[in-house]
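The structure appears right after this line, and notes come after that.
The values are calculated or read from the model by the stated rules, or taken from the named source; none is laboratory data. All of these numbers come straight from a predicted model, not from anything done at the bench. All Cβ positions, glycine included, derive from the backbone under ideal geometry; neighbour counts span all protein chains shown.
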Amino acid sequence: MPSKHFIDDPARLVSSALHALTLTNPNVAVDAANKIVYRRPADPHHAPRQQRHQVSVLSGGGSGHEPSFAGMVGPGMLAAAVAGTIFASPSAEQVRTGIMARVDAEGGVLVVVMNYTGDVLNFGMAVEKARAAGMAVEMVVVGDDVGVGRAKAGKVGRRGIAGTVLVLKIAGALAAAGRPLDEVARVARLTAANLVSVGASLERVHVPGRAADAAEDELAPGAVEIGMGIHNEPGSGRARMDLPQLVDAMLAQLLDAGDADRAFLDVGSGEVVLLINNLGGVSALEMGGITSEVVSRLGGRYGIRPVRILSGTFMTSLNGLGFSVSLLNVVDTGVGAPGMVELLDAPSEVTGWAAPIRKTTWEALNAATRTGDAGARREVKPSGLRMDPAAATAALTGALERVIAAEPEVTRFDTVVGDGDCGIGLKRGAEGKAAPAILKHLDQKPLTGDAVVDVASIVPVVENAMDGTSGALYAIFLNALVHALRVLSPGDATPQLWAHALEQGCDALSKYTPARPGDRTLVDALYPFVEVLGKTGDVGEAAEAARSAADGTRGMQASLGRTVYVGGSGYEEVPDPGAWGLACLFLGLAGAKANRRGPGGD
């Protein structure tokens, strides 16, 4: 396994690679602190208005997949790309800065992200933050990998791999044509829905700065792994086979309508685009041989002759010794001309796509940049949605104090079925240690009585004080709640009105996590609270419903989260810590008696 690198420091490697893009493409600049490569702002005196205020398409993910995504930034494709460390999602704060301060958002922003939990949650949190600020933002999640079938993927769904670049190219070209955000988002989703990919590799990759993978996990000489992910994730199996046999196996996973586990796309007799992608370690000469084999067997066995054949390095797995095959059904976009093929053919000035940089661009010597954070933090305007600030402060204080009191209990539960940090994380969000949390925030900045202003002021406190998956979930939910409250008419914030807004928060949360009641997560307590509050308008009854549901997770097998991997019989002994902690919050909010049976009680 290759373990030698010219740059073995992963942090320096990523930063220097991002800087290099500004040297090879005059269209782009880099925000080094946030690892954002973005298109330089247009000259307002020379750029057409349509160009200056077109939809901005933003993407990103972990580094190590170059030229995706930073190499796709430029005219005709992405407005910005946000990079994480190697094989790790960028933070929500990085993405938020990208959306709100590094692209032109006047025409709206489309965020395209691959289907990995960290990416979906962090990009999703940033999207909801931007929406809460009043921005027009849409998000499309791409999952094109058929290497892991329906049964194994479960609720998480298909992983995103190289086919994602076709979504980026089509969306970017449509945005460049001046189409509105709803059309660009709809066509991007349509493209993702008509896309399948599968990869294969002769070896796992070595990440700079890390020890090589265990020797026992190496592939045997002559063996190939079909469906290996772009982060060394396992595929569908390993076998010894020559290239024709391998290509046949890969095409079968893409095209076999009888494979119920993987029949995601019916290609039929329509037009098809073929993308053959180098995972980073295959020579250009060998890629030519692979392309010939794929095209030959695709036509000979399936009668498919693609209208476009793209072969090259688009999305890598560092120096992965493998390749992937993607097929895109060319369908009617429903928005008229240009169609999918014309959008793929449209010119773009990016280093990661086969298009040259124009001579006029080099000569323009555009040195404009975007700096500062002025556009990223917007003042929340009063909404006229009224509540009693004294009563709200008392209820919220009681809820937070109950969460703090329940910390030892929640921690004990999480020690049995998780990593023991759930209670501490909730307590950190409530009272804060290293950073001021909600109780301290309420003391320093009392509630105003405007529901939108007050909830919005709490959101950044939660984002800064709470980390991990639960922190991201709470932040997404609260940002969505702000957005839902913002669009309501002025007046008194009744329990039913809060329930309506909370329902929209649940809907937003469901976009970024597959968790539903019965999966043994905090959602088990959240949904019953919202449902009962909407029916009765009684916070106490809603809190009791949440308590009962949290108690009901005892003995429930987890479908998501770390508990899935911990194993054992602990789930039979204790309830889900996240649901239990949230029930504590609701009971405190309702002013439940301390000696009442339930979370946090004596």
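Counting only residues that are in contact with a His (Cβ under 8 Å, 6 or more places away or on another chain) and at positive phi, the range 465-509 holds 0 of them. Could you please let me know if residue 33 is modelled with pLDDT of 95 or more and surrounded by fewer than 20 Cβ atoms within 10 Å (Cβ to Cβ)? When the stated conditions are applied, residue 33 passes them.
Kindly provide the set of residues from the range 486-521 that are of a type in the set (S, T, N, Q) and in contact with a Leu (Cβ under 7 Å, 6 or more places away or on another chain), ordered by number.
The answer is 513, 521.
Among the candidates 209, 258, 235, the residue that is at pLDDT below 90 and exposed (fewer than 12 other Cβ atoms within 10 Å of the Cβ) is uniquely 258. One residue alone among 218, 293 is at pLDDT 85 or above and surrounded by 13 or more Cβ atoms within 10 Å (Cβ to Cβ), and that residue is 293. Screening the candidates 341, 325, 350 for the property of being of a type in the set (A, V, I, L, M, F, W, C), assigned by TED's automatic domain parsing to the domain that holds residue 231 and either modelled with pLDDT under 95 or surrounded by 14 or more Cβ atoms within 10 Å (Cβ to Cβ) (or both) yields one hit, 325. One residue alone among 89, 59 is part of a loop (DSSP other than H, G, I, E, B) and within 26 Å of residue 186 (Cα to Cα), and that residue is 89. Scanning for something within 26 Å of the chain's Cα centre (by Cα) and of a type in the set (Lys, Arg), does the range 436-443 turn up at least one residue? No, the conditions are met nowhere in the range 436-443.
For the residues 472, 435, 465, the requirement of being modelled with pLDDT under 90, closer than 26 Å to residue 33 by Cβ and surrounded by fewer than 21 Cβ atoms within 10 Å (Cβ to Cβ) singles out 435. Against the numbered list (1) touching a Phe, Trp or Tyr at 6+ places or on another chain (Cβ under 9 Å); (2) of a type in the set (A, V, I, L, M, F, W, C); (3) farther than 30 Å from residue 108 by Cα, residue 168 comes up short only at (3). Residue check: residue 124 meets all listed conditions (1) closer than 23 Å to residue 484 by Cβ; (2) surrounded by fewer than 24 Cβ atoms within 10 Å (Cβ to Cβ); (3) under 16 Å from the mean Cα position of the chain (by Cα) but one, namely (2).
Only a single item in (1) modelled with pLDDT of 95 or more; (2) touching a helix residue (DSSP H, G or I) at 6+ places or on another chain (Cβ under 9 Å); (3) closer than 25 Å to residue 203 by Cα is not met by residue 279, and it is number (2). If you filter the range 494-536 down to residues that are surrounded by fewer than 19 Cβ atoms within 10 Å (Cβ to Cβ) and outside any helix (DSSP H, G or I), you find that the one that is nearest to the chain's Cα centre (by Cα) is 511.
Return yes when residue 384 is closer than 30 Å to residue 134 by Cβ and at pLDDT 90 or above and no when it is not. It is true that residue 384 is closer than 30 Å to residue 134 by Cβ and at pLDDT 90 or above. Here residue 242 meets each of (1) at pLDDT 90 or above; (2) under 29 Å from residue 141 (Cβ atoms) with one exception, condition (2). Among the residues of the range 552-589, just one is surrounded by fewer than 18 Cβ atoms within 10 Å (Cβ to Cβ) and modelled with pLDDT of 90 or more, namely 554.
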